[in-house]
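Enquirer: Submitted below is the structure of interest, expressed as structure tokens.
Quick note: the coordinates plus some simple rules give every number you see, no bench work behind them. Note that this is a predicted model, so its numbers are computed, not measured.
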DNA sequence: ATTCTGACTTGCT
DNA sequence: AAGCAAGCCAGAA
């Protein structure tokens, strides 16, 4: 799960990714797994930058998320202002515009993260004496 | 081992 | 646009 959180940390302010994107970048698991992690440990990171593929904020946190989106000027659709005031109306994050495209350094980070994850999955501990293969 | 559940997705009405 | 069914993956019961 630390892997998921690590990926979320990579997403810059003003942009976002879907649960599925994270799973893909991670090269393991699926959207539901990412969602599960976020629901339990998401509070320690910028959770609002991970949302449904449709652009809807995480269930039960739409108001808090919207405040963040407005602060970060994340691309939005619809009557979000009205929603903030009255709680009525539909709105979404414009993922086609906000979706994060990993930078070069970002890819490097992702490699490291997915490596660690895989190692963890295989439950393989690296012998401290020889790591050369 | 089997069944259930969910901050998910996609495709089809 | 909105609802539904089926896939999907892991962890919990």
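Enquirer: How far is helix A:31-41 tilted, in degrees, relative to the longest principal axis of the Cα atoms in chain A, given as a value from 0 to 90 rounded to the nearest 10?
Expert: 80 degrees
Enquirer: Choose one answer from A:96, A:74, A:86: the residue with the largest mean-square fluctuation in a GNM of chain A with alpha-carbon springs under 10 Å.
Expert: A:86
Enquirer: Sum -39500 (n - 2.57) across every DSSP H segment of at least 4 residues in chain A, then divide by the residue count to get the 222 nm mean residue ellipticity, nearest 500.
Expert: Counting only the DSSP helices, I get -14500 deg cm²/dmol.
Enquirer: Let me ask something else about it. Over chain A, what is the relative contact order in percent, taking alpha-carbon pairs closer than 8 angstrom and at least six residues apart?
Expert: 27 percent
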